[in-house]
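Structure first, commentary second.
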Number of protein chains: 2
Amino acid sequence: MHSFNELVSAFEQRFASALPFPQNPTTLYEPCRYFLTIGGKRIRPVVCLMAHELFEPLSNDAWHAAMGIELFHNFTLIHDDIMDKAPLRRNMSTVHERNGLTAGILCGDVMSIYAYEQLANINHSLSQVLHLFNTTAIEVCEGQQLDMDYEKRNIVSIDEYIEMITLKTSVLIACSLKMGGLLGGASEGNAQKLYDFGKNLGIAFQLQDDYLDAFGSSERIGKQRGGDILANKKTYLWLKAWELGKDSHRAELVDCTKRNDESKVPTVLDIFRTTGADLACRAAVESYSTAAFNSLEEVAVMSNRKKHLHDLASYLLLRDQ
Amino acid sequence: MHSFNELVSAFEQRFASALPFPQNPTTLYEPCRYFLTIGGKRIRPVVCLMAHELFEPLSNDAWHAAMGIELFHNFTLIHDDIMDKAPLRRNMSTVHERNGLTAGILCGDVMSIYAYEQLANINHSLSQVLHLFNTTAIEVCEGQQLDMDYEKRNIVSIDEYIEMITLKTSVLIACSLKMGGLLGGASEGNAQKLYDFGKNLGIAFQLQDDYLDAFGSSERIGKQRGGDILANKKTYLWLKAWELGKDSHRAELVDCTKRNDESKVPTVLDIFRTTGADLACRAAVESYSTAAFNSLEEVAVMSNRKKHLHDLASYLLLRDQ
């Protein structure tokens with residue numbers, strides 16, 4: 001059994017050696033290599049490997065699953081960046097910004113096929129694993145579509161928002177854990193508990209991200225505080241403030257979305273506090289976190305085997321361990 | 001064993017009933033449904049089914065392969081249309097033109113996953129079939145990238161052009177035949193002959209398309225004659241005329257690419273004739289056609305079983321049977 005750091009560095013090695021994309025066409029593969037090297041936290045492949053290690057030492061199947069999942073995740077990021085018109089990711093140029101729209105579309109496409117090529121190497125339960133993966137991949141697309149749809153709408157309910165972030169973000173983390181477990185020989189019941197753990201962890205993490213963007217220290221969040229407010233993003237805080245607020249709060253929120261200067265940040269933060277959206281958000285983080293830890297607790301293996309997954313979740317959710 | 005028309009109509013039925021995409025998000029699935037109903041000749045799934053019937057009656061595996069291939073093909077069309085900035089396909093609006101860039105990207109993405117979901121239902125040789133499919137799918141992306149790259153280059157050799165159309169178009173037809181054969185129990189040797197048949201058929205068909213665009217009757221080609229010339233497409237004819245022509249011909253070709261009126265069409269056609277590019281193109285069509293029929297001939301099943309594939313190839317290549 002390995003810690004997060006050990007698995008990240010082992011994964012990076014395997015990933016780099018398993019993926020010498022062909023040289024040509026350079027216009028297709030150079031941007032693929034570029035995007036994969038600008039990194040990311042590798043959370044999904046690592047939790048897949050950790051889930052596998054709950055039951056069995058790491059196998060080739062587990063590595064192929066982990067690499068397939070990470071490739072798929074990167075494919076979705078490349079295409080999301082086009083749809084979001086994002087010039088930067090992790091402070092580096094996005095593929096479409098750097099190499100044009102065609103490269104953005106095609107690099108994403110080919111990366112998704114390389115993801116499936118990793119999965120095709122899996123020896124055990126290939127069909128079952130593929131169905132799980134496909135169901136999840138379809139949900140991820142649906143989540144991205146909902147995100148795009150919601151941007152154009154004035155009102156989105158909290159339930160709709162939770163559904164969107166669940167599909168867009170959480171199900172792939174959940175799937176990573178379940179796949180790792182299944183390939184390690186987990187029972188359907190244990191695999192499902194791992195899925196639930198990942199799903200709740202993902203939701204809690206996203207809601208915490210919404211919270212920290214508004215109320216975290218800029219040091220901790222590594223980006224400008226209030227970025228979501230400036231970008232008029234309809235986060236949990238915004239939607240909850242809308243739900244809980246009086247007409248005057250709503251009017252002020254609408255007014256702020258029309259202003260493009262930083263001075264609106266304190267105004268909006270004030271509304272978040274006055275309406276109690278801030279506390280509601282923290283309560284929601286807490287509730288999904290608790291659900292996540294409860295699901296992990298219920299996975300029927302000895303507690304000490306779950307230490308690394310527990311530690312990782314605590315770290316991601318900023319909990320004292 | 002079934003004829004082309006029988007298989008097309010059986011395929012349409014299965015395809016429609018296997019693919020009731022979910023209702024929601026409508027913004028994602030309505031354009032998917034739209035694009036699949038504007039049709040296409042269904043050549044790829046039908047040759048997959050025909051290849052299967054050389055060896056065995058149609059099985060569920062064969063149908064899943066056929067549907068997966070057709071979904072994948074449509075996914076590539078949706079994304080190609082974005083990259084080509086094409087407003088129309090089959091005289092209907094393209095997805096990105098009708099529903100925007102986001103819909104174009106995401107419909108394509110989700111359709112490719114539905115393609116894999118069909119393949120995941122295959123019971124026999126799943127891993128082998130997936131590897132073949134992935135290799136092909138990667139080649140299709142590479143072919144599209146080469147096509148994009150070549151548009152920006154002044155000179156492309158005939159070899160490069162053949163490589164591009166092989167990857168972009170032919171390998172998927174070849175793969176369809178090979179998959180159908182393998183799932184029907186074909187030996188590796190027979191499956192490879194089917195692959196070669198499809199690959200050469202695809203190249204011959206594309207070169208014939210280049211020829212007919214310039215020299216066919218508009219009735220036969222169903223579009224304006226000289227369309228490729230007007231669009232400054234570097235077809236086989238254009239590249240061969242460049243290769244065979246004198247400096248004066250090349251100068252005239254360059255001059256014509258700068259003109260945007262229809263009057264250049266007869267000038268370019270003249271150069272195609274004077275340089276012998278027209279005859280070279282017909283000879284190339286003939287040569288790839290012969291190679292295709294020879295490969296089909298070598299598939300070790302009784303000749304009468306191959307009748308429907310033979311008829312279809314003859315029809316596509318405008319040969320008397």
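The values are calculated or read from the model by the stated rules, or taken from the named source; none is laboratory data. This structure is a prediction, so every number in the text was calculated from the model and none was measured. Note that we place each Cβ from the backbone using ideal geometry, even for glycine, and neighbour counts take in every protein chain shown. Protein only, heavy atoms only, side chains kept; ligands, DNA and RNA dropped before computing areas. Shrake-Rupley method; radii C 1.70, N 1.55, O 1.52, S 1.80 Å.
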Q: Look at B:H64 and say whether it is at pLDDT 95 or above, within 14 Å of chain A (Cβ to nearest Cβ) and under 16 Å from the mean Cα position of the chain (by Cα).
A: no
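Would it be correct to say that A:P57 is away from every other protein chain (no Cβ under 14 Å) and outside any helix (DSSP H, G or I)?
Numbers: away from every other protein chain (no Cβ under 14 Å): yes; outside any helix (DSSP H, G or I): yes.
The answer is yes for A:P57.
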Q. If you go through the range B:14-28 one residue at a time, do you hit one that is closer than 30 Å to B:N304 by Cα and under 23 Å from the mean Cα position of the chain (by Cα)?
A. yes
Q: Select from the range B:84-103 the residues that are buried (at least 20 other Cβ atoms within 10 Å of the Cβ), out of contact with any Pro (no Cβ under 6 Å at 6 or more places or on another chain) and at the interface with chain A (Cβ under 9 Å from one of its Cβ atoms) and list them in ascending order.
A: B:T102
Q. Name the pairs whose Cβ atoms lie under 7 Å apart, with the first residue in the range A:77-99 and farther than 19 Å from A:G227 by Cα, the second outside any helix (DSSP H, G or I), and 6 or more positions between them or separate chains?
A. A:L77/A:R89; A:E97/A:P87
Q | Yes/no for A:Y116 being at the interface with chain B (Cβ under 9 Å from one of its Cβ atoms), part of a helix (DSSP H, G or I) and over 17 Å from the mean Cα position of the chain (by Cα) | A | yes
**Q.** Filtered residues of the range B:129-140 (kept if open to solvent by 20 Å² or more (accessible area, probe 1.4 Å) and either touching a Cys at 6+ places or on another chain (Cβ under 9 Å) or of a type in the set (D, E, K, R) (or both))
**A.** B:L132, B:T135, B:E139
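A:L237: open to solvent by less than 70 Å² (accessible area, probe 1.4 Å), more than 22 Å from A:D159 (Cα to Cα) and hydrophobic (A, V, I, L, M, F, W, C), yes or no?
Working: open to solvent by less than 70 Å² (accessible area, probe 1.4 Å): yes; more than 22 Å from A:D159 (Cα to Cα): no; hydrophobic (A, V, I, L, M, F, W, C): yes.
When the stated conditions are applied, A:L237 does not pass them.
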Q: Given the conditions (1) open to solvent by less than 10 Å² (accessible area, probe 1.4 Å); (2) farther than 26 Å from A:I105 by Cβ; (3) more than 14 Å from the chain's Cα centre (by Cα), report the number of the one that B:L182 does not fulfil.
A: (1)
Q: Could you tell me which of the residues A:L77, A:L146 is under 25 Å from A:S17 (Cα atoms), aliphatic (A, V, I, L, M), assigned to a helix (DSSP H, G or I) and open to solvent by 10 Å² or more (accessible area, probe 1.4 Å)?
A: A:L77
Q) Does the range A:13-33 hold any residues that are open to solvent by 30 Å² or more (accessible area, probe 1.4 Å) and within 21 Å of B:L146 (Cα to Cα), and which are they? A) A:P20, A:P22, A:Q23, A:N24, A:T26, A:T27, A:E30, A:R33
**Q.** Top-ranked residue in the range A:269-302 [being over 21 Å from the mean Cα position of the chain (by Cα) and under 17 Å from A:G189 (Cα atoms); ranked as surrounded by the most Cβ atoms within 10 Å (Cβ to Cβ)]
**A.** A:V299
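Okay, residues lined up against (1) touching a strand residue (DSSP E or B) at 6+ places or on another chain (Cβ under 7 Å); (2) surrounded by fewer than 16 Cβ atoms within 10 Å (Cβ to Cβ); (3) charged (D, E, K, R):
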{"residue": "B:G216", "(1), (2), (3)": "no, no, no"}
{"residue": "B:A231", "(1), (2), (3)": "no, yes, no"}
{"residue": "B:D247", "(1), (2), (3)": "no, yes, yes"}
{"residue": "B:T267", "(1), (2), (3)": "no, yes, no"}
Q | Residues located in the range A:5-36, provided they are polar (S, T, N, Q) and touching a residue at least 60 places away in the same chain (Cβ under 8 Å) | A | A:T27
**Q.** Of the criteria (1) buried (at least 22 other Cβ atoms within 10 Å of the Cβ); (2) of a type outside the set (G, A, S); (3) within 14 Å of chain B (Cβ to nearest Cβ), which one A:N200 fails
**A.** (3)
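Quick one: which of A:A66, A:A10, A:A16 is closer than 21 Å to A:L130 by Cβ and part of a helix (DSSP H, G or I)? Give the steps one after another, and end with the answer.
On the way: A:A10 fails: closer than 21 Å to A:L130 by Cβ; A:A16 fails: closer than 21 Å to A:L130 by Cβ.
Testing whether each residue is closer than 21 Å to A:L130 by Cβ and part of a helix (DSSP H, G or I) leaves just A:A66.
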(Q) Taking the condition of being without any contact (Cβ under 8 Å) to a residue 40 or more places away in the chain, farther than 17 Å from A:I173 by Cα and part of a helix (DSSP H, G or I), how many residues in the range A:291-306 meet it? (A) 3
Q. Which of the helices (runs of 4 or more DSSP H) contained wholly in the range B:150-255 include at least 1 residues that are among the small types (G, A, S)?
A. B:171-183, B:188-215, B:218-221, B:227-230, B:236-244
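Residue by residue, here is whether (1) within 13 Å of chain B (Cβ to nearest Cβ); (2) touching a residue at least 40 places away in the same chain (Cβ under 8 Å) holds:
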site: A:N121; (1), (2): yes, yes
site: A:L132; (1), (2): yes, yes
site: A:L146; (1), (2): yes, no
site: A:D149; (1), (2): yes, no
site: A:I158; (1), (2): no, yes
site: A:I165; (1), (2): no, yes
site: A:K168; (1), (2): yes, no
site: A:S176; (1), (2): no, yes
site: A:L194; (1), (2): no, yes
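If you check B:L126 against the conditions, is it within 11 Å of another protein chain (Cβ to nearest Cβ), within 24 Å of A:A115 (Cα to Cα) and open to solvent by 10 Å² or more (accessible area, probe 1.4 Å)? Step through it out loud before you land on a result.
Details: within 11 Å of another protein chain (Cβ to nearest Cβ): yes; within 24 Å of A:A115 (Cα to Cα): yes; open to solvent by 10 Å² or more (accessible area, probe 1.4 Å): yes.
Answer is yes for this residue.
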